[in-house]
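Below you'll find the structure, written out as structure tokens, and then a few comments.
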Amino acid sequence: MSNILVAKEVSKQFGNHIALNKVSLEIPKNSIYGLLGPNGAGKTTLIRIINQIIYPDQGEIYFDGKPLQPHHISMIGYLPEERGLYKSMKVGEQALYLAQLKGLSKADAKSRLKYWFDRLEIGDWWNKKIQELSKGMAQKIQFIVTVLHEPKLLIFDEPFSGFDPINANLIKDEILELRDKGTTIIFSTHRMESVEELCEYIALIHKSEKLLDGKLSDIKKAYKNNIYKVGLGVQSANGLLADLKDKFNILSSEYVDGGIQLNFTVQLPSDDTGPFLSHLSGKANVNNFTETIPSANDIFIRTVQTK
Amino acid sequence: MGKLSLIIKREYLAKVRNKSFVVMTFLSPILMVGMVVLIVYLTKINDNEIRTIAVLNESNYFSTDFQGTESASFVRMRDIDLEAAKDSIQKMGFYGLLYIPDEPDLEKVASRSIFYTKDSPGSSILDNLENVFEDRLRLRRLQELGVSVSDFESVGNNFEINTANFSGEQNLKGITEIKAFIGGAFGYLIMMFIIIYGGFVMRSVIEEKTTRIIEVIISSVKPFQLMLGKIIGTSLAGVTQFAIWIISAILMFGVLILVFDIDPSGLNSGASNAPGLVGGAAYMAASDSAIQLYANELFRIPWVMLISFFLIYFILGYLIYSSIYAAIGAAVDNETDTQQFIFPIILPLMLAIYVGFFSVFNNPHGPIAVAFSLFPLTSPIVMLMRLPGGIGEGGVPIWEVAVSILLLIVTFIGIVWLAAKIYRVGILMYGKKPSYRDLFKWLKY
């Protein structure tokens, strides 16, 4: 599978502050890629470099296999974290202007805008001024303007901030549909849980450095440590727990429901659950048995701590 | 280029459609003409006030000399002593009392005469009185010398040296000032344009920062393109506004002069000092033919050359200053933070105007005039004040014009480059009021 965007050892320094330190990324085509990290980690700097707003001190960026060039701007759609519109300009006029700046012809921009305005049911806003719209409404316009020129790569910096839940869902669905049509999407966020469900690939950035990256499922596999949550139905508090503690690494345990339910977490030596389950059989009813899969947040915290 | 023209168009329309801009465009000429009308009106009121002056003449002279004029009327008093006269004129509300004592000869009478007023008297009244004494004294001396008045006038006392340049063309006195004044008008125009529309550019940049649209735009176009488009768009709006102002001002003045029958020369009265009684006729005759000469000289001013240079200096000077304004707008978050940066911009502009009006008027090709017409931040204004004198022999040396324009172009490139760097960094900086040190650091980003 080929990559839409490759960053090789990209570094950027502002005065004495190192914003990015040799960050390398490979963003596969037609995927949703999460760029995760706390505020100030360097995500926005990286995104601005991809958008050619600023230029790296060292390192290279390749877009679709070729070194990044000014004309690639028309193939990238960018919704910045700090986003706004001209207050006193009319919605339609403004959308047309921004679309034309991305290289669309006026007629083209007009017909596509009509399509999107109808799709998001905001057709009657065309002649309104931005200052008459609510923040959420303005965000819809910004979303449309970002995707209008059908870019190959879409970059959203904190896309859901400012949206109410209904509009956030609407936009999420639109994003998934764009992905299905072949667009690659980069999400940048510090709220890891919100984008985890969407992202196929992630990269964690912390203090200007990339800590880890790859397919989310692979990362989770690598970071899971065979910890299982087990719920056993027991007759009464008997010697079972002591027996288990003797044979397995029980991390925590408690009796609930008046002593007829034993909940505990156990770390197994490998991901082969056979020996553990067969040890239990006949001794107790297994009411539930789930593997605890680390969240991106857990992985992130662990990675930062082990560094 | 397509993107640049899109930006220019948007900036132009955004400016031209702005309500306050429209109001200013159409209100300003009305205000301007209104001001002039008001000034003329007030001046007329001032002139129309007739002051009554009492004359207590105890001498044998001046019995018929004090005749009423436009601004003063005279009341003769007799058979009353000075103190009583002072009292009574205060009671009667007269402007002043001229006391002429009884002395044996005219010289003494004149030197002992006193003009009493409540407050210190206006200069036009004093001139009026002094002229009477001067004329009388002059006639008296002429009589003593045995010269008749007509002889004296035929001698001609108003001599002005004729001046010419080396190629023999006659120069007119004062024409240098007139030429510098024409250049000064051009220079002043440039300064006003820079201050007004540079400010517009700055505010427009701040607006893009505060609405946070800036990052959306510069992900589509280069910051430099945006800055350039903004400057050009705003200046085109400015040119439109100036054109409307000039045309409507001319129209309104035309209408006013026709309707109210204002004498245009009345606007600059006071400039010509009223000549004395004697020799006045000669002066008038001389000035009549002089007007013809001045008119000729004005036609000889190389207008085509002047206007082409005006355009060159205007465009380069405006681009330099407005890109500094754009950089300032990018560096700050709101207009209140701009003051510390604006002052150093206004300074060279003011300096240029003052140097122009004081130094260039006195000596268009003196060392200070030359220096300031070469220094790029003042040359657009100062050089334009020198240029109406022509280029080459008798005017501004060709090398000075060349060096001045060359320096201006080099500065233009340098400043725009620096401003673009500050602009590029500044538009993405929020929440911090930058110092000059910060700006310097940004240059290295």
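Where a number appears in this text, it was derived from the coordinates with a stated rule and is not lab data. Just so it is clear, the model here is predicted, and its values are computed rather than measured. Methodologically, a virtual Cβ is constructed for each residue, glycine included, from the backbone with ideal geometry; neighbour enumeration extends over all protein chains shown.
Along the three principal axes, how long is the range B:174-252 when you take its alpha carbons, biggest first, rounded to the nearest angstrom?
Projected onto the principal axes, the Cα atoms of the range B:174-252 cover 58, 28, 18 Å.
Do me a favour and compute the ellipsoid semi-axes for the range A:41-104 from its Cα gyration tensor, root of five times each eigenvalue, largest one first, whole Å. The partial results should precede the final answer.
Details: eigenvalues 139, 49, 12 Å².
Sorted largest first and rounded, they come to 26, 16, 8 Å.
Please work out how much length the chain gains when fully extended from A:GLU200 to A:ASP272, using 0.36 nm per residue of separation minus the C-alpha to C-alpha distance, in nm with one decimal. Before the final figure, lay out the partial values.
Working: separation 72, 0.36 × 72 = 25.92 nm, distance 2.60 nm.
Fully extending the segment from A:GLU200 to A:ASP272 adds 23.3 nm.
What ³J(HN,Hα) values, in whole Hz, does the Karplus curve 6.51 cos²θ - 1.76 cosθ + 1.60 give for the range A:111-123 when θ = phi - 60°, with x put for Gly and Pro?
With coefficients 6.51, -1.76 and 1.60, one gets 5, 5, 4, 4, 4, 6, 4, 5, 4, 8, 6, 10, x Hz.
Grab the Cα-Cα distance for B:ARG112 and B:TYR430, subtract it from 0.36 nm times how many residues apart they are, and report the gain in nm with one decimal. Don't skip to the answer; put the middle values down first.
Details: separation 318, 0.36 × 318 = 114.48 nm, distance 7.74 nm.
That pair, B:ARG112 and B:TYR430, stretches by 106.7 nm at full extension.
Using only alpha-carbon positions, what ratio does the radius of gyration of the range A:121-210 give when scaled by 2.2 N^0.38 Å? If you can, show how the numbers build up before the last one.
On the way: Rg = 14.6 Å, N = 90, 2.2 N^0.38 = 12.2 Å.
Compared with the compact-globule rule of thumb, the range A:121-210 sits at 1.20.
Where in the range A:148-250 are there GluC sites (Glu not before Pro) that are in a DSSP coil and have at most 14 other Cβ atoms within 10 angstrom of their Cβ? Please report the intermediate quantities before stating the final value.
Working: sites: A:GLU174, A:GLU177, A:GLU193, A:GLU196, A:GLU197, A:GLU200, A:GLU209; in loops: A:GLU197, A:GLU200.
The qualifying sites are A:GLU197.
Over the range A:225-291, consider all pairs of different Cα atoms and compute the Kirkwood hydrodynamic radius from their mean reciprocal separation; express it in Å, one decimal.
Numbers: mean 1/r = 0.0839 Å⁻¹.
Its Kirkwood hydrodynamic radius stands at 11.9 Å.
Is the range A:171-255 best put as rounded, prolate or oblate by its Cα gyration tensor, with a ≥ b ≥ c the root eigenvalues, rounded for a/c under 1.5, and otherwise prolate when a/b is larger than b/c, oblate when not?
prolate
Alpha carbon centre of the range B:295-374 versus the range A:275-307: separation in Å?
Using only Cα atoms to place each centre, the spacing works out to 76 Å.
Hey, what do the phi angles of the range A:27-44 turn into as Karplus ³J(HN,Hα) couplings, whole Hz, using 6.51/-1.76/1.60 and θ = phi - 60°, x for Gly and Pro?
Listing the rounded values in order: 10, x, 4, 6, 10, 10, 10, x, 9, 10, x, x, 4, x, 6, x, 4, 5 Hz.
Using a 10 Å cut-off around each Cβ of peptide B:85-97, what is the average number of partner chain Cβ atoms that fall inside? Can you show the working numbers first?
Values: counts 0, 0, 0, 0, 0, 0, 0, 0, 0, 0, 0, 0, 0.
For peptide B:85-97, the averaged partner shielding equals 0.
Write down, largest first, the equivalent ellipsoid semi-axes of the range A:1-118 in whole Å, where each equals the square root of 5 times an eigenvalue of the alpha-carbon gyration tensor. Don't skip to the end; give the middle numbers.
Details: eigenvalues 179, 65, 35 Å².
Over the Cα atoms of the range A:1-118, the ellipsoid semi-axes are 30, 18, 13 Å.
In the range B:328-433, how does Rg compare with the Kirkwood Rh, expressed as the Rg/Rh ratio over alpha carbon atoms?
Numbers: Rg = 17.3 Å, Rh = 15.5 Å.
My calculation of the ratio gives 1.12.
Could you give the length gained by full extension between B:ILE246 and B:GLN339, i.e. 0.36 nm per residue of separation minus their alpha carbon distance, to one decimal place?
Once the chain is fully extended between B:ILE246 and B:GLN339, it gains 30.4 nm.
Measuring from label point to label point, each 7 Å out along Cα→Cβ, what is the B:VAL410 to A:LEU212 span in nm?
So the two model labels end up 6.0 nm from each other.
Taking a quarter of the surface of the convex hull around the Cα atoms of the range A:3-221, what do you get in nm²? Write out the running numbers ahead of the final one.
Details: hull surface 48.4 nm².
Mean orientational projected area (the range A:3-221, Cα hull): 12.1 nm².
Cut-off 20 Å, label point 7 angstrom out along Cα-to-Cβ of A:ILE293: give me the residues of the range A:170-209 whose amide nitrogen falls inside.
Taking a point 7 Å out along Cα→Cβ of A:ILE293, the residues of the range A:170-209 whose backbone N falls under 20 Å are A:176, A:187, A:191-204.
Based on the mean of other beta carbon atoms within 10 Å per residue, what is the order of B:434-443, A:99-108, most packed first?
Values: B:434-443: 14.6, A:99-108: 17.3.
Packing proxy ranking, top to bottom: A:99-108, B:434-443.
Give me B:PHE94, B:PHE412 ranked fewest to most by other Cβ atoms within 10 Å of their Cβ, as a rough exposure proxy. Could the numbers behind the result be given before it?
Numbers: B:PHE94 20, B:PHE412 17.
Exposure proxy ranking, most exposed first: B:PHE412, B:PHE94.
Give me the log10 of I(q) over I(0) for the range B:1-144 at q = 0.17, 0.22 Å⁻¹, as the Debye formula computes it from C-alpha points; what are the numbers?
Debye intensities relative to I(0), on a log10 scale: -0.98, -1.34.
Quickly work out the B:LEU418-to-B:ILE257 label distance, labels modelled 7 Å from Cα along the C-beta direction, and quote it in nm with one decimal.
It is 4.6 nm.
Tell me, what is the FRET efficiency for B:LYS19 and B:ARG76 to the nearest 0.05, using R0 = 56 angstrom and their Cβ-Cβ distance as r?
Values: r = 65 Å, r/R0 = 1.16.
Once rounded, the FRET efficiency stands at 0.30.
Suppose each label sits 7 Å from its Cα in the direction of the beta carbon; what would the A:SER105-B:VAL403 distance come out to in nanometres?
5.5 nm
Over the protein assembly as shown, consider all pairs of different Cα atoms and compute the Kirkwood hydrodynamic radius from their mean reciprocal separation; express it in Å, one decimal.
34.3 Å
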